[in-house]
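Please read the structure below before turning to the comments.
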Amino acid sequence: MHIEMIDALPMGKDRKAIGAVQAVVRWDAAGTVAELAKTIEEKQLSSLLFVDAEFFSDEESGIELCLRMRTLDINVLWSAVITDDVSRELFREMRLSGCQRLDMRLAPDDAERGLAHAREFGFDVSICNVDGTPYASDRITYDVSEREAIAEGLPGLHSVQFDLAVAYFKARRFSEVMLPLGKAMTLRFPMNELCLNLLACLSAAKHYPTMAAGLLDQAGYGWPHPVVLRNRTLLKSWLESGGDVKGVRLMLDPEGTGASLAYT
């Protein structure tokens, strides 16, 4: 396997990348997970796109890849392309090793099984037939009770705790957001700016504009996730025009929290 950088972001004076760095992982049978881990550390990557289906077309090698990522403590969020019938075990190992989003291209019978497993572990999914024809329902959505069940089944996984915090916020159950969000941050959720953005959205919803602005400033250090930049600009403009913060609608997760699959 080998990595292709999507954006060559500038480096700060401390030689740290300015912003959330993302890269594509391409299939190369000669590459190793150890080499992948080294590149992630050197480039300070926060998210990856496994764009070739070969990574997970073989059950045994797919599980081994995920286990090696966990053994080497590779802490990034990543997306994958699935074009073969995948077992529940492989779905579980993918989720535990950081996979958050799936682009599934499956025949109807395989799609039904795949969606059931993906829902069990809380993946963000887009799905179509093998010829690219979309199904009637081509995305998975979750209610709060489903997110709670997923978090109960995978209590030590930072991304499912973050997803639960987002679900509570969307349901306006504001008093319940902090517990799973705190767990996500303690468990080293790799995109801290999204945690700060959620806190800013929560502060705005509770009518604390100064606190929301401060959190967005903190999240916006360098060149962060686009949603942070959008919210900083929106909140600043709104307040400068004399608007009440309760009237501003900060954006929570415009494209989900994981890596985007929009790569060609």
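Structure summary
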| quantity | calculated |
| --- | --- |
| Residue check, Arg95 of a type in the set (Lys, Arg), assigned to a helix (DSSP H, G or I) and either in contact with a strand residue (DSSP E or B) (Cβ under 7 Å, 6 or more places away or on another chain) or crowded, with 18+ Cβ neighbours inside 10 Å (or both) | yes |
| Some residue of the range 80-98 being closer than 17 Å to Glu54 by Cα and of a type in the set (Ser, Thr, Tyr) | yes |
| Qualifying residue in the range 79-88 (condition: among the charged types (D, E, K, R) and in contact with a His (Cβ under 9 Å, 6 or more places away or on another chain)) | yes |
| Residue list for the range 126-144, filter: surrounded by 10 or more Cβ atoms within 10 Å (Cβ to Cβ) and of a type in the set (S, T, N, Q) | Ser126, Asn129 |
| Residues being more than 15 Å from Met94 (Cβ to Cβ), touching an Asp or Glu at 6+ places or on another chain (Cβ under 8 Å) and not polar (S, T, N, Q) - total across the range 114-138 | 2 |
| So Gly62, is it crowded, with 21+ Cβ neighbours inside 10 Å, at positive phi and not acidic (Asp, Glu) | no |
| Residue in the range 72-92 that is nearest to Phe56 (Cα to Cα), counting only those that are surrounded by fewer than 19 Cβ atoms within 10 Å (Cβ to Cβ) and among the hydroxyl-bearing types (Ser, Thr, Tyr) | Thr83 |
| Only one of Gly243, Gly258 that is surrounded by fewer than 17 Cβ atoms within 10 Å (Cβ to Cβ), assigned to a loop (DSSP other than H, G, I, E, B) and modelled with pLDDT under 90 | Gly243 |
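The values are calculated or read from the model by the stated rules, or taken from the named source; none is laboratory data. Every value quoted in this text rests on a predicted model; they were computed, and no experiment measured them. Note that we place each Cβ from the backbone using ideal geometry, even for glycine, and neighbour counts take in every protein chain shown.
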